[in-house]
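Contents: one structure, followed by commentary.
The values are calculated or read from the model by the stated rules, or taken from the named source; none is laboratory data. In this text the structure is predicted, and so the values were computed from the model without any measurement. When we count neighbours, we look across all protein chains shown, and the Cβ atoms used for this are built from the backbone with ideal geometry, even at glycine. Note: areas computed on protein heavy atoms with side chains; ligands, DNA, RNA excluded. Shrake-Rupley method; radii C 1.70, N 1.55, O 1.52, S 1.80 Å.
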Amino acid sequence: MNEVFCKQEIKKITIPTPFAVGDVHTYVIISEKVTLVDAGVKTHQAWGIFQDELLKHGLKVMDIDQVIVTHHHPDHVGLLDYLPSNIPVFGHKRAHPWMTQDLRYFSSHEQYYKKLFKEMGVEERFYPVLATVDKPLRFSCRRGLTSFVSDGDKLDGLPGWRIIETPGHASSHIVLFDEKSGTLIGGDLILADISPNPLVEPPYLGEVDRKKAMLDYVQSIEKMNLLAIKRVLPGHGKVVEDVSALLATRLKQQEKRAKKVVDFVTKQPSSAYEICQYLFSSVYEKQLLLTLSETLGQIDYLLDKDLIIENNDTTPFTYQVGVIKE
């Protein structure tokens, strides 16, 4: 891939990952500076392929002037540990404790998820999975951000591009948009073949409440609808060109699944785990954390719209349509 817009070149480098999502794409923007967008997963195989692909484009690792990460997930930041330590790394501040694997943050994770499991009514036979919740981080980096970016920011050496905050799939998620060409480098926000899973995260350092990932995701998609996007260069899969149609499809899919939850809890008050079993009957045991995240996202979405109510007087919490009697 070699696209030229306003004397800029965008080169795609595809790197294998050990995850079910498959290969991940990173992008090199050659302009006033050489900017790497996302850094792949931390494996020796990925590092070798990354260097080989750079050479095919006439580049070396030492040519990279700066890196910006779309979000903190391991398949997007892992190879930072292999890059020279003097290369500046930009991203949202919420990515930083994940990337550095800050013990102040991670020490509370298992206990937080255990409390969440109880509130959701998850069977205790699944509790051992909590010990592995951060296991994918072995493919991540231990190198943090040198500078934080936020909505509307621009990077030196990258004219025409601006940062847009798009939380949902991750609380740290950002995208890069070049308004003149209509090109969006979208991380995992907009993918052609799959709908990104809004993942539950423990509260950020210094905060009490977790982010409502599904609400953030829907708002981010709606924000993208306001932009004149001609194509999306995604973190996974093929380039998206009919962007408005795909965004409409994603919002319809969300409404459809939310309606399924309403229909289910109309029949009887149900715990989040029971809702999860209903929505994902064939896969919830093998993909428990992902399906619970999706379920909790739907519950957050419906509570926000006042379409269901929560009874948290007892554990597990239950959800229903109507008014809880005193």
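For S293, are the conditions met, namely being part of a helix (DSSP H, G or I) and not hydrophobic (A, V, I, L, M, F, W, C)? Yes. Right, T266: of a type in the set (S, T, Y), open to solvent by 80 Å² or more (accessible area, probe 1.4 Å) and assigned to a loop (DSSP other than H, G, I, E, B) or not? No; evaluated as a whole, the condition is false for this residue. Consider segment 175-222. How many of its residues are out of contact with any Lys or Arg (no Cβ under 8 Å at 6 or more places or on another chain) and farther than 19 Å from S244 by Cα? Counting residues in segment 175-222 that are out of contact with any Lys or Arg (no Cβ under 8 Å at 6 or more places or on another chain) and farther than 19 Å from S244 by Cα gives 13.
Just one of the listed residues (L302, L251) is under 21 Å from H169 (Cβ atoms), assigned to a helix (DSSP H, G or I) and open to solvent by less than 10 Å² (accessible area, probe 1.4 Å), namely L302. Picking from residues in segment 206-222 that are of a type in the set (G, A, S) and under 15 Å from the mean Cα position of the chain (by Cα), the one that is nearest to T295 (Cα to Cα) is A213.
Which members of segment 113-122 meet the condition of being in contact (Cβ under 8 Å) with a residue 60 or more places away in the chain, in contact with a helix residue (DSSP H, G or I) (Cβ under 8 Å, 6 or more places away or on another chain) and either assigned to a loop (DSSP other than H, G, I, E, B) or open to solvent by 60 Å² or more (accessible area, probe 1.4 Å) (or both)? G121, V122 - these are the residues of segment 113-122 that are in contact (Cβ under 8 Å) with a residue 60 or more places away in the chain, in contact with a helix residue (DSSP H, G or I) (Cβ under 8 Å, 6 or more places away or on another chain) and either assigned to a loop (DSSP other than H, G, I, E, B) or open to solvent by 60 Å² or more (accessible area, probe 1.4 Å) (or both).
Of the residues screened, R104 is one that is open to solvent by 20 Å² or more (accessible area, probe 1.4 Å), touching a residue at least 60 places away in the same chain (Cβ under 8 Å) and out of contact with any Leu (no Cβ under 6 Å at 6 or more places or on another chain). Does S220 fit the bill of being open to solvent by 10 Å² or more (accessible area, probe 1.4 Å) and farther than 14 Å from A95 by Cα? No; evaluated as a whole, the condition is false for this residue. Any residue that is under 19 Å from the mean Cα position of the chain (by Cα) and of a type in the set (G, A, S) - is there at least one of those in segment 223-230? No - not one qualifying residue is present in segment 223-230.
Per the listing L189, L145, L155, L184, the residue uniquely part of a strand (DSSP E or B) and open to solvent by less than 60 Å² (accessible area, probe 1.4 Å) is L184.
Exactly one residue out of R138, R125 is under 18 Å from H109 (Cβ atoms) and outside any loop (DSSP other than H, G, I, E, B): that is R138.
Counting just the residues of segment 158-176 that are in a strand (DSSP E or B) and open to solvent by less than 10 Å² (accessible area, probe 1.4 Å), which one comes out farthest from N225 (Cα to Cα)? Of everything passing the filter in segment 158-176, W161 is farthest from N225 (Cα to Cα).
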